[in-house]
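Below you'll find the structure, written out as structure tokens, and then a few comments.
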Amino acid sequence: MDSYRIVELDVLRWAEQRQIIPNSTPHAQAIKTTEEVAELLKALSKGDIEEATDAYGDILVTLIIGAALLDIDLIHCLNKAYGVIKDRKGYLTKDGIFVKAE
């Protein structure tokens, strides 16, 4: 079993022990994800790498729990998304705009 799956199982056990699973909902976890993204943005604006690292981890925890509540495999989601974008051609401008190549 790869290290991601081991940590994923640890997160799910933790969530079950605290009654997050089954008492939370995918919607509640999505709201929590949004709160954690706001914390990430705040950390990035301050240049605080430690806080950004914490926020990225918290985001992943909320995504793992939310996906589990829907019986969705996040690795499947990632593979599916990558399958869609992997052949895209283009570049990102300095202004953060992705320009698709024809």
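Among 90-97, 55-62, 33-40, what's the highest-first ranking by average C-beta atoms within 10 angstrom per residue?
55-62, 33-40, 90-97
If you roll a 1.4 Å probe over the chain with all protein chains in place, what percent of the accessible area is carbon or sulfur? Please list the in-between numbers first.
On the way: 4630 of 7780 Å².
Percent of accessible area from carbon and sulfur atoms in the chain: 60.
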> Tally Lys/Arg at +1 and Asp/Glu at -1 over every other residue whose Cβ is under 9 Å from the Cβ of A55; what's the total?
Replying inline: -4
> Going down the table (K42/K100; K80/K100; K32/K89; K32/K100), which pairs top 26 Å between alpha carbons?
Replying inline: K42/K100; K32/K89; K32/K100
> Quick one: putting +1 on the C-beta of Lys and Arg, -1 on the C-beta of Asp and Glu, what dipole do you get for the chain around its Cα centre, in Debye to the nearest 20?
Replying inline: 420
> Any idea of the accessible area per residue across the chain, 1.4 Å probe, to the nearest Å²?
Replying inline: 76
>> Could you tell me the relative contact order of the chain? Use alpha-carbon pairs under 8 Å, at least six residues apart, and round to a whole percent.
In response: 24
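The values are calculated or read from the model by the stated rules, or taken from the named source; none is laboratory data. Remember, it's a predicted structure, so these values are computed and weren't measured experimentally. Glycine also receives a Cβ, built like all others from the backbone with ideal geometry; neighbour counts cover every protein chain displayed. Keep in mind that these areas ignore ligands, DNA and RNA; they rest on the heavy atoms of the full protein, side chains included. Shrake-Rupley method; radii C 1.70, N 1.55, O 1.52, S 1.80 Å.
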